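To start, the structure itself, in structure tokens.
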Amino acid sequence: MLRLIAKLLKVLNSDAQPGQISLGFCLAMVAGLTPLLSLHNLLVLFLVCVLRANLAAFLLGLLLFTGIAYLFDPLFSQLGLALLTAPPLHSLWAGLYNISLFRLENFNNSIVMGSLAVSLVLFFPLYLLTNLLIRKYREHVLRWVKKSRLMQFFMASKVYRYYQNVRGLGGAL
Amino acid sequence: MKSMIRWSGLGLFAVVVLLLGLFFYFVVDGMIKRTIERQGSALVGAQVDVGAADLSFFPMGLRLSRLQITNPDAPLRNIVEIEQLAMSLDPLPLLERKIIIEEMTATGVRPDTARQTSGALPEYAAAEKEAAPAAKKGVKLPTLQIPDVKDVLAKEELTSVALARQYQAQVKADTAKWQQRLAELPNQNKMAEYRERLSKIKSSSGLAGVVGGATELVGLKKEIQADLERLQVAQKEFNEAATSYKKGLAEVQSAPQQDIKRLVKKYSLSPEGLGHLSSLFFGAKTGGMVEQALAWYEKMQPLLQRRKEKKAGTEVVKPLRGEGVMVRFQEEAPLPDFLIRHIDVSVLLEAGGFGGTIKNVTPDQDRLGEPLSFAFSGNDLQGLRAITLDGVLDHVNTAQPRDSVNLAINGYAVNNMVLSSNESLPVTIASGLADFMAQAVVAQRQVNAQVQAQLTSANFAITPVQPDNAISQALADVSKAGVKARVTGTVDDYQVQLSSDLDSLLKEAAGNAIKSQTARFEQQLQESIRAKTEGPVADAADSFGDFSALAEELKARLQAGRLLL
């Protein structure tokens, strides 16, 4: 966990493009909010590996969103059921239901549908918001943070030593 | 674009997928084993154990070895133990998350085997304990042996003796009361006094004497008239009391006969009393079998039909595992989520082999369009000539499910089968041959079942032997019997009606024995009761004699009074 936070700090403070960090974080939202053993998460994993998404942001995001998903599962189920039983969407679902790949995806499960719908709807807004926040952080907060007492204390801490070690290794991530 | 793609990531993805595949390959057997054990235990309410599970991919199939299903009512025994269960899986439906097993073979199926450890699960045991019905009360049988007259009279109070004593005491007290009343009424002395006074008045002379005498005579006559009226009232009341006591005496005299009748009825056995004895013999056994069969029928329900509800025209189904709800849509080629098309079962009984097939095991019969059916048979088993069991559990129309089962057993050798362990009539079938036929239909939870059993070459035994027992004597002559049972009502509230030709056989066979025993008992009882009641009844008659004597005295006084007027 400490290693992961150290990596995130390193990424935030590095020259990595904000888009890569945001993409990793947003893909983590999809994988974290939806049931992990779903077919679409194989696609998410593929995208994380092939696109230049930041892995540290993905892993940290996955932890965060998996925890959140437990709280929101009942809501996801209600939303998913409402979508799956909505008359205007019936023919769409019925068509997908007869395709094996979508059946394997388990899209007709209320939690899968609800959580996937929420994560897809939030994907681009979160991507843009995270991008914006990273830029703002680097422009305004990073210098102040480095000088703050808290950061001074942090730099003397074990977490920072990890950060230094990782940086020393020159991790490409 | 080049900066967006990380080509090395393809390799990373391949490695991750390979590692996941390898992980799945190595843990899948354990996952299957644990899933079957967990789901099976929840279904049965007791531990289900799988020795090992082996999933093969080419061709796709699953092999389970040493499957043990604990009997929830006897946790140290298995309901069934299956040595090996092999099945072939259709891989394409798996992509649609459907488990379609085309062929399953169960070999080495042994019912009712011993377990090394208890298979009770505390969470289910507690629930069962709460729901357990109250213990059934033992069946009280009529007295089947006529007891000794001395014993009967020692514990029975004779109402005739009590009645005679009560009568005697009452008559004595009343006699004393009347004697006292008679003392207060005008007696013979008083009449003599009136007579003397009359003579004096009649003998008076002279005008003054005659006039005075006439006035005195009128006064005297009034006195005599008043006394006569008192005597008449007393006589009337006495006569009423005497009539009542006379009636009472008749009752006292007939009371010993009433006692004899009552005791004969109480302690002897009438042939009519045997009319429902077969219910006592077979009722508990039949009731237990029906209860057990219906309990298993209820446990099987999740395998036959799952809970579904319609929402906005689509079917919402609670999945057997996992969370959330599954919404189903119209399929082009509908298939159930779980289906075993064909199971070959080979059961190993102590008596020999018994085998059959089960078809279409699925909780989604409405999607399959075919009901579950089964057929088993066995021939020339040890102690059993033939057995066939078949049935159809039809839940294709989920609103109108109809399940039917037929069972026929021929030439079953009965040995030492306990029919009644009741202390007063411990009956067993020492030996015999039984044919058994049962047909049961449960339609929309309404039960209609008929069971017929025919027993031949039977040898009934009552142990310990009771030579004076009329039923024991009657059963000794019975060599064949038929029993019919009918179960009607709902699965939750059913009634079992039993009838047997054993009832009429017992009634007929026991009739003569009972008659002679009863006559002997009545004779002995008559002698003994007569001896006991003779004295009190005679005393009661004597007391009535004393009472009646008072009537003469009253009569004499009235006559004397009337002569004076």
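Of note:
- When we screen A:83, A:104 for residues that are surrounded by fewer than 21 Cβ atoms within 10 Å (Cβ to Cβ) and more than 7 Å from chain B (Cβ to nearest Cβ), the only hit is A:83.
- Residue A:46 within 12 Å of chain B (Cβ to nearest Cβ), within 17 Å of the chain's Cα centre (by Cα) and of a type in the set (Phe, Trp, Tyr): yes
- Number of the exception - residue B:475 against (1) touching an Asp or Glu at 6+ places or on another chain (Cβ under 9 Å); (2) modelled with pLDDT under 85; (3) not hydroxyl-bearing (Ser, Thr, Tyr): (1)
- Applying the criterion of being touching a Pro at 6+ places or on another chain (Cβ under 8 Å) and outside any strand (DSSP E or B) to the residues of segment B:58-101, the residue that is nearest to residue B:360 (Cα to Cα) is B:98.
- Residues that are within 11 Å of chain B (Cβ to nearest Cβ) and within 15 Å of residue B:16 (Cβ to Cβ) within segment A:22-38 comprise just one, A:37.
- Restricting B:508, B:527 to those that are of a type in the set (D, E, K, R), assigned to a helix (DSSP H, G or I) and at pLDDT below 85 reduces the list to B:508.
- Single unsatisfied condition, residue B:409 versus (1) loosely packed, with under 15 Cβ neighbours inside 10 Å; (2) more than 23 Å from the chain's Cα centre (by Cα): (1)
- Taken together, the residues in segment B:1-57 that are assigned to a strand (DSSP E or B) and within 14 Å of chain A (Cβ to nearest Cβ) amount to 1.
- Residues that are among the hydrophobic types (A, V, I, L, M, F, W, C) and modelled with pLDDT of 90 or more were ranked within segment B:388-402; the one that is nearest to residue B:442 (Cα to Cα) is B:393.
- Single match in B:427, B:396 (criterion: touching a residue at least 60 places away in the same chain (Cβ under 8 Å) and of a type in the set (A, V, I, L, M, F, W, C)): B:427
- Residue pairs whose Cβ atoms lie under 7 Å apart, sitting 6 or more positions apart in sequence or on different chains, and linking a residue in segment B:360-372 that is under 22 Å from residue B:298 (Cβ atoms) to a partner that is of a type in the set (Asp, Glu), are B:360/B:370; B:364/B:337; B:371/B:394.
- So residue B:382, is it closer than 20 Å to residue B:294 by Cβ and surrounded by fewer than 16 Cβ atoms within 10 Å (Cβ to Cβ): no
- Boolean, residue A:77 is facing chain B (nearest Cβ under 7 Å) and at pLDDT 90 or above: yes
- Any chance residue B:168 is polar (S, T, N, Q) and touching a helix residue (DSSP H, G or I) at 6+ places or on another chain (Cβ under 7 Å): yes
- Pair list, Cβ under 9 Å, 6 or more apart: segment B:22-33 residue closer than 14 Å to residue B:57 by Cα, other residue of a type in the set (Phe, Trp, Tyr) and surrounded by fewer than 11 Cβ atoms within 10 Å (Cβ to Cβ): B:25/B:57
Let's see how each residue does on (1) assigned to a helix (DSSP H, G or I); (2) away from chain B (no Cβ under 14 Å); (3) small (Gly, Ala, Ser); (4) without any contact (Cβ under 8 Å) to a residue 24 or more places away in the chain:
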site: A:68; (1), (2), (3), (4): yes, yes, no, no
site: A:72; (1), (2), (3), (4): yes, no, no, no
site: A:89; (1), (2), (3), (4): yes, no, no, yes
site: A:96; (1), (2), (3), (4): yes, no, no, yes
site: A:123; (1), (2), (3), (4): yes, yes, no, no
site: A:135; (1), (2), (3), (4): yes, yes, no, no
site: A:152; (1), (2), (3), (4): yes, yes, no, yes
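- Boolean, residue B:62 is closer than 19 Å to residue B:109 by Cβ and modelled with pLDDT of 85 or more: yes
- Among the candidates A:31, A:56, A:6, residue that is touching a His at 6+ places or on another chain (Cβ under 9 Å) and crowded, with 19+ Cβ neighbours inside 10 Å: A:31
The values are calculated or read from the model by the stated rules, or taken from the named source; none is laboratory data. From a predicted model like this one, the values you see are computed outputs, not experimental measurements. Positions of Cβ are generated from backbone atoms using ideal geometry, with glycine treated the same way; all protein chains shown enter the neighbour counts.
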